[in-house]
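Colleague: Below you will find the structure I want to go over with you.
Quick note: the coordinates plus some simple rules give every number you see, no bench work behind them. Bear in mind that the values here come from a model prediction, so they are computed numbers and not experimental data. For neighbour counting, all protein chains shown are included, and Cβ atoms are generated from backbone atoms with ideal geometry for every residue, glycine included.
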Amino acid sequence: MSFVHKTGSILIIIIGTVSLLAVALLVVDMLRLVELVHPLPTWQDFVEPMTRLLWSSILALVATVISIVSGIWIVRGFYLQKTLKASVDRLSIAFYFPHFIVALYVLALANSMYEWMNFYHPTFGFLEILLAYWLKEVPFVVFYLTVTYTSLDLQSRQLIHLFGGTKWQQFVHVEWVAIRGQVLELFLILFAFIITAYEVPALIGSSVYPLFGPTIFEYYYSIDLAQRFMIDVLLFGVALTLVVSTIALLAWTSRTRQAYGKGRQTL
């Protein structure tokens, strides 16, 4: 095993251990609060935070999907036009701006538009958050897929084209086979970040569509221990889901790489 693979394995073990420790600490905090909170919250009390978690899940899902699709479309355009390196270098400036700076730009632009239109609707706040995440995450997707696309063999696409294959078939049988593992990794990374992120929804979000990130802060530091217990329960569910999804993804990518390696040895 090479040094890079050893380092990667160690990092995965460390991150996995920290994640499991965080879940364990949530359980400990819940057990402690069970003894202090009387009466315990009923299912009606969970409706409000669950609604906010649902809104955040919808936002995270939409933002993740459009960011990945846009990133693939952009990197494919660069790749097929053989201008990948120069074009990707131009996107590097996006990494110098943190999320809240991008959110400030979006907020300033939106406020100017609302003054010009003399109209505002609460849904616009949800769309502004979506726009901020899209602007920030697309460059990340492009950079994540760059190495894979630069290593692809154009001859495989040309072969499919010679046999009458469409552009969609060229993408599915050549590009998708190479990037599907990375796309799943991107989906998990972006979704996990966006669903619990605080700064962008706190800066842009409206009271009509409150999201889960600000709710975590609000409930966790509330003087009402029942609210803290509720947010611990929801965070435990989210964290456990993400940890299990990560383990499943690692197991799937490991089997895929082993099968791919055996196939290459056979060839």
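Colleague: Net charge near residue 171: determine it from the other residues with C-beta under 10 Å of the C-beta of residue 171, scoring Lys and Arg +1 and Asp and Glu -1. Show your work: numbers first, answer last.
Modeller: Working: positive: 76, 157, 167; negative: 175.
My count for the surroundings of residue 171 gives +2.
Colleague: Modelled label-to-label distance, residue 31 and residue 184, 7 Å Cα→beta-carbon offset: nm?
Modeller: Here the answer is 3.4 nm between the modelled labels.
Colleague: Can you compute 3J(HN,Hα) from phi for each residue in the range 32-41, using the Karplus curve 6.51 cos²θ - 1.76 cosθ + 1.60 with θ = phi - 60°, rounded to whole Hz and x for Gly and Pro?
Modeller: Values, residue by residue: 5, 6, 4, 6, 9, 8, 9, x, 5, x Hz.
Colleague: Quick check: residue separation of residue 198 and residue 120 times 0.36 nm, minus the Cα distance between them. What number comes out in nm?
Modeller: Working: separation 78, 0.36 × 78 = 28.08 nm, distance 2.34 nm.
Computed gain between residue 198 and residue 120 is 25.7 nm.
Colleague: Right, something else. Using the Karplus curve 6.51 cos²θ - 1.76 cosθ + 1.60 with θ = phi - 60°, work out ³J(HN,Hα) for each residue of the range 186-200 in order, rounded to whole Hz, and write x for Gly and Pro.
Modeller: So the Karplus estimates, Gly and Pro as x, are 4, 4, 5, 5, 5, 4, 5, 6, 6, 5, 10, 5, 10, 5, 5 Hz.
Colleague: Which whole-Hz ³J(HN,Hα) couplings does the range 60-65 yield from phi under the Karplus relation 6.51 cos²θ - 1.76 cosθ + 1.60, θ = phi - 60°, glycine and proline marked x?
Modeller: Ordered by residue, 3J(HN,Hα) equals 4, 5, 5, 5, 5, 5 Hz.
Colleague: Also: Please quote Rg/Rh for the range 114-178 to two decimal places, taking the Kirkwood radius as Rh and restricting both calculations to Cα atoms.
Modeller: Working: Rg = 19.7 Å, Rh = 15.2 Å.
My calculation of the ratio gives 1.30.
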